Every structure is written in C-alpha cells, then in structure tokens.
Amino acid sequence: MIAMSLARIAEVVGGRLVDISAGDAEATRVTGDVEFDSRKIGPGGLFLALPGARVDGHDHAAAAVAAGAVAVLAARPVGVPAIVVPPADRGGSDRQAGVLEHDADGSGAAVLAALARLAAAVAAELVAGGLTIIGITGSSGKTSTKDLLAGVLAPLGRVVAPPGSFNNELGHPWTVLRATEDTDFLILEMSARHPGNIATLAAIAPPRIAVVLNVGTAHLGEFGSREVIASTKAELPQAVPSDGVVVLNVDDSAVAAMAEVTAARVVRVSRTPQAGPVAADVWAGPVGLDDLARPRFTLHAAGTAVEVTLGVHGDHQVSNALCAAAVAVECGAEPAAVAAALAAARPVSAHRMAVHTRADGVTVIDDAYNANPDSMRAGLQALAWIARGDGAAPRRSWAVLGEMAELGEDAITEHDRIGRLAVRLDVSRLVVVGTGRAMGAMHHGAVMEGSWGAESTQVADADAALALLRAELRPGDAVLVKASNAAGLGALAEALVVDGGPAGEDGRS
C-alpha cells in the first residue's frame with residue numbers, strides 16, 4: 001500500500017481515532033500491507049478486524065499490533081490504536097455471503113465498507129500517477145487468464161495481481177491495496193453472486209481495460225438464468241470509460257453482444273479470423289495439442305502472425321491466452337514477446353489445471369479448486385486427450401469428480417450430464433465423490449449412458465476416494481481431480497502427487 005497517515009485513513013474511511021492522539025495519528029503512517037490475518041501482519045501494516053467462522057478479528061487486534069501493525073481498522077474499540085468505523089448499511093450484506101457469513105453484529109459489513117473506501121482512494125491516486133487497471137470477469141477461466149496476463153505483462157513493468165481467486169468484496173480491495181507507486185499494472189478478477197456485484201467492485205478501482213471471457217452457468221442457482229448472468233458480467237464493460245478498451249471473447253455470443261453496451265473501444269478475440277458477422281482483431285490459427293494437452297497455434301495480432309506453444313494445459317486455455325495476448329498488445333507488448341511469455345507460463349494459482357507426472361508415470365491433473373459445467377467438460381476433455389497419448393497404446397483414465405456447487409434447480413440435470421459425458425469420452429474409471437442427490441445423479445447418469453461393472457463408483461468422501469485410488473492405480477494411468485472448492489478434493493490431489501515420490505510438473509519427472 002502507498003504510505004498514508006492514520007489521520008488521512010480515518011478521514012478517507014469516515015472513522016474516528018481511538019487510543020491514539022490526533023498528533024500521533026498525523027505522524028504515524030501505514031507503510032506495510034493491509035491484512036485480515038493477524039498471523040501475516042508485518043511492520044507498518046494495518047490490521048482489518050473481521051469476524052470469522054471460529055474467531056473474531058477484534059479479539060486479535062492486540063496481537064496484530066504486537067506483531068508490527070501500527071493500527072487496527074475496526075468496528076469497535078479494541079484497546080490498541082484503532083480507526084473505528086460506523087455501522088454500515090447491511091441491506092446488501094446478503095450479497096456478501098462468502099465474506100460476511102459470520103457477521104452477526106454487522107461489524108464485518110462496517111469494516112468491509114471502510115476497506116472499499118480506502119481502496120478507492122488509493123486506486124484514484126495511483127491511476128493519476130499512471131497506473132493501468134485491468135479487470136477480468138467471466139463464468140470460468142478468470143484465474144487462469146489472470147495468471148497468464150500477469151506473465152505476459154511482467155516484461156513491461158511491475159504487475160500486481162491477486163493470489164488465487166481473491167475476487168470478492170474482501171479480496172478485491174485487498175488486492176488494490178497491494179499496489180504502490182512502483183506498480184505499472186494492477187490486474188483484478190471480478191466475480192459476482194448477484195446483479196450489481198461487479199459494478200460495485202469496478203467502482204472501487206475503475207478499469208482502463210476490461211476482459212470478458214464467457215457467460216456460463218456458474219452460480220446459476222444464485223442468478224436464476226443465463227441472461228441474468230450475462231447482464232451482470234456486462235457491468236464490467238459498462239464501467240470502462242470511452243478512452244478505455246474492452247476485450248471480448250466473441251466466440252461466446254452473449255459476450256459478443258456486450259460490444260453494444262460499452263462506450264469503450266472494443267477488441268474482439270476469437271479462435272477463428274471471422275466470428276459471426278464481424279472480423280476478429282486477435283485470433284488463433286488452427287489449434288493442436290501435444291500429448292499433455294498443451295495447445296499450440298498461430299497468434300494473429302497487430303498485423304503479425306507468431307507461433308505459440310502454451311505452457312498450460314487444455315484446449316480451453318486458447319481463449320484465455322488470446323485474451324491475455326490482446327491486453328498485452330494494447331499495453332505495448334510485441335506479439336513475439338507475448339508468444340514467448342505464454343510459452344513460459346505455468347499454472348500459478350493452486351489446483352487449477354496443474355499437471356504432474358509422477359516417477360511411476362501416473363499423470364495427475366489437479367483442477368480441484370473450482371468447477372462448473374463448462375470447466376468440468378473442459379477438464380474431462382483434457383483428461384481424454386492425455387489418456388489417448390501420442391498414438392501409442394492408450395492409458396487408463398480416471399475422473400475423480402466432486403460436486404459442482406451453486407447450480408440451483410439445474411444441479412441434478414447438470415451432474416447427470418457430466419456423468420454421461422465421462423462415458424462418451426471413454427473415461428476408464430469415474431469416481432463420484434459424495435453422497436448427495438447431485439452426486440447420485442452423476443453416478444446414475446454414467447450408469448445409464450453405458451457404464452458397467454466398476455467403471456463408475458460412488459464413494460462417500462475424499463478419504464474413500466484416495467483409498468480406492470491407492471489400491472487400484474497402475475503406472476501410466478492419468479487422473480483428473482476436479483470439483484468445487486467446497487468439496488475439498490485439493491488435498492486428495494496433493495496426496496496423489498506425493499504418493500508417486502519425486503516428480504515434475506507439466507510432465508517432467
């Protein structure tokens with residue numbers, strides 16, 4: 001965060017100084033990071049007192065100050081120097097379910113509102129100094145695209161991007177406050193569970209460049225329809241000023257239509273030179289995959305054609321890479337440099353299409369962080385491709401799948417479809433993890449599609465799945481582990497990798 005006095009922060013967030021004099025507040029500056037975990041606070045930091053599942057951050061205020069925090073942003077006095085903010089309007093707190101789930105007294109809403117005001121003030125100051133803010137949204141692929149974009153922008157300047165999927169009302173302003181005067185590019189993911197969420201996030205740090213990847217069915221249970229999801233994603237291009245740029249993946253018709261709702265210049269990205277009635281500005285030549293499903297294609301951008309071999313896995317990464325390339329070119333990168341950066345890119349955020357080949361030849365595809373119908377299909381297709389290999393005898397393939405969360409009334413149908421797709425892709429073994437109705441539908445769908453014997457197995461939990469795999473995996477098998485994060489299959493994937501002894505990522509052992 002840029003250095004700022006406690007007095008100035010109190011003014012920005014509308015808080016009052018407690019347990020610190022006005023003179024000391026003018027002299028004391030936050031020079032470190034803003035943190036909501038007291039174990040991560042460092043010298044010169046500002047601690048956010050937020051309620052959690054087991055503890056309330058207010059109870060850890062003294063420990064945070066002892067660890068180096070100069071003050072606490074809090075909803076009530078905490079016995080150490082603090083900026084205490086007034087109660088927030090809780091009318092929108094139902095839109096922050098993942099952040100404010102344990103906010104019984106409204107303290108979390110108050111601190112989050114103050115955090116947003118602080119981030120907005122910092123963002124405005126940095127933009128005036130030349131910072132470029134880039135926002136990314138889409139039903140799937142946000143984190144992968146963010147990681148690719150951070151890699152291709154790195155040669156152009158200092159980049160700040162969120163770790164993992166810090167893309168909600170807490171993670172978004174927290175990421176903004178990671179930027180300093182030395183930051184050239186700030187990349188922000190923007191997610192939503194309700195209409196208006198993306199507009200709210202964009203108002204905190206207005207993007208100069210926006211990217212919309214796709215409109216799928218993630219969080220369909222929250223939104224009710226794909227049309228509502230599309231209108232919510234469109235809040236991002238609507239937030240870009242007329243002198244900005246909006247990058248649209250026009251292979252998705254709902255995204256292509258967003259060109260009509262933005263005042264900014266539109267850059268159209270496609271896997272083909274002509275996407276519907278309009279020509280693409282950035283596009284890919286014929287796409288091929290290597291034996292580990294890493295795409296290769298010709299990148300056409302800025303009147304130049306360069307060959308690209310991605311360092312990440314899955315045909316679905318082509319659109320992500322094209323969007324990252326389009327942004328980089330807009331920021332001044334040469335297409336040849338973009339191609340080199342894309343080739344060097346590897347999965348950065350945990351449990352997202354990370355491919356490990358163990359010493360015994362077992363390939364583990366760890367995509368356990370998130371899942372929706374679109375990304376589940378992409379993961380299964382990557383598994384099927386890797387199992388087919390390079391023309392030699394095919395490998396046995398295992399799909400270890402957990403629940404896709406937040407699909408609402410479509411949950412049964414969508415899980416059934418995934419079970420059937422696994423059979424159609426000739427996946428050798430489907431391990432359905434969980435006993436709920438949706439997982440039963442996935443197993444039943446596989447059986448009805450033609451799975452027989454033990455080809456589809458339903459187990460109670462991740463421990464049971466791991467025991468099955470340890471008993472029956474053979475050298476050379478390929479395993480996909482995928483589910484929504486709440487299913488907890490990340491630890492299972494990690495255990496499978498460790499089981500094989502020393503191994504390499506991306507197929508290197």
> Which value, in nm² and rounded to one decimal, describes the direction-averaged projected area of the C-alpha convex hull of region 130-344?
Replying inline: 11.0
> Quick one: helix 373-388 against the long Cα principal axis of the chain, what's the angle to the nearest 10°, folded into 0 to 90?
Replying inline: 40
> Using the Kirkwood radius built from alpha carbon pairs, what does the Stokes-Einstein equation give as D for region 354-499 at 20 °C and 1.002 mPa s, in µm² per second?
Replying inline: 146
> Full extension from Ala350 to Thr304: what is 0.36 nm times the residue separation minus their Cα-Cα distance, to one decimal in nm?
Replying inline: 13.2 nm
> Say the dipole of the chain comes from +1 at the beta carbon of Lys and Arg and -1 at that of Asp and Glu; which of Val18, Val261, Pro155 then lies farthest toward its positive end?
Replying inline: Pro155
> So how much slack lies between Ala460 and Thr413, counting 0.36 nm per residue of separation and subtracting their Cα-Cα distance, in nm?
Replying inline: 14.9 nm
> For the chain, with the dipole built from +1 on Lys and Arg beta-carbon atoms and -1 on Asp and Glu ones, taken about the Cα centre, which of Ile2, Ser456, Gly68 lies farthest toward the positive end?
Replying inline: Ser456
> Rule-of-thumb check for region 219-294: C-alpha Rg over 2.2 N^0.38 Å?
Replying inline: 1.29
> What aspartates and glutamates could a cross-link reach from Lys40, if we take a straight Cα to Cα line under 20 Å and drop same-chain neighbours fewer than 8 places away?
Replying inline: Asp56, Asp59, Glu169
> Magnitude of the Cβ-charge dipole of region 130-344, K/R +1 and D/E -1, about the Cα centre, nearest 20 debye?
Replying inline: 120
> Using the Karplus equation 6.51 cos²θ - 1.76 cosθ + 1.60 (θ = phi - 60°), what ³J(HN,Hα) coupling, rounded to whole Hz, does each residue of region 462-473 give in order, writing x for Gly and Pro?
Replying inline: 5, 4, 5, 5, 5, 4, 5, 5, 4, 7, 10, 4
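Would you tally the net charge around Ser270, using a Cβ to Cβ cut-off of less than 9 Å, leaving Ser270 out, and scoring K and R as +1, D and E as -1?
0
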>> Tell me the Rg and the Dmax, in Å, that the Cα atoms of the chain produce.
In response: 23.7, 76
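Can you work out the accessible area per residue across region 130-344, with the rest of the protein chains kept in place, probe 1.4 Å, in square angstrom?
33
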> Which lysines, on any chain, are close to Lys146 with Cα under 22 Å apart, when same-chain ones fewer than 8 places away are left out?
Replying inline: Lys233, Lys482
> Ordered by residue, what ³J(HN,Hα) values in Hz, to whole numbers, does region 308-317 give under the Karplus form 6.51 cos²θ - 1.76 cosθ + 1.60, where θ = phi - 60° and Gly and Pro are x?
Replying inline: 10, 10, 6, x, 10, 10, x, 4, 5, 6
> How large, in percent, is the carbon and sulfur part of the accessible surface of the chain at a probe radius of 1.4 Å?
Replying inline: 51
> For region 4-112, what's the radius of gyration and Dmax over Cα atoms, in angstrom?
Replying inline: 13.2, 39
> Which FRET efficiency value, to the nearest 0.05, is calculated for Ala467 and Asp37 with the Förster distance at 51 angstrom and r the Cβ-Cβ distance?
Replying inline: 0.95
> Using a simple charge model, +1 on the beta-carbon of Lys and Arg, -1 on the beta-carbon of Asp and Glu, nothing else, what dipole does the chain show about its Cα centre, in debye to the nearest 20?
Replying inline: 460
>> I'd like to check one number: the per residue accessible area of region 4-112, probe 1.4 Å, reported in Å² as a whole number.
In response: 46
> Taking every DSSP beta bridge that has both residues in region 130-344, what percent is antiparallel when rounded to the nearest 5?
Replying inline: 35
>> Please compute the per residue accessible area over region 407-497 with all protein chains in place, 1.4 Å probe, rounded to a whole number of Å².
In response: 44
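How many percent of DSSP beta bridges within the chain run antiparallel, rounded to 5?
Close to 35 percent.
The values are calculated or read from the model by the stated rules, or taken from the named source; none is laboratory data. Here the structure is a predicted model, which means the values were calculated and not measured. Neighbour counts are summed over all protein chains in view; Cβ atoms, including those assigned to glycine, are modelled from backbone coordinates with ideal geometry. Ligands, DNA and RNA are stripped out before the accessible areas are found, and what is left, the full protein with its side chains, is counted by its heavy atoms. Shrake-Rupley method; radii C 1.70, N 1.55, O 1.52, S 1.80 Å.
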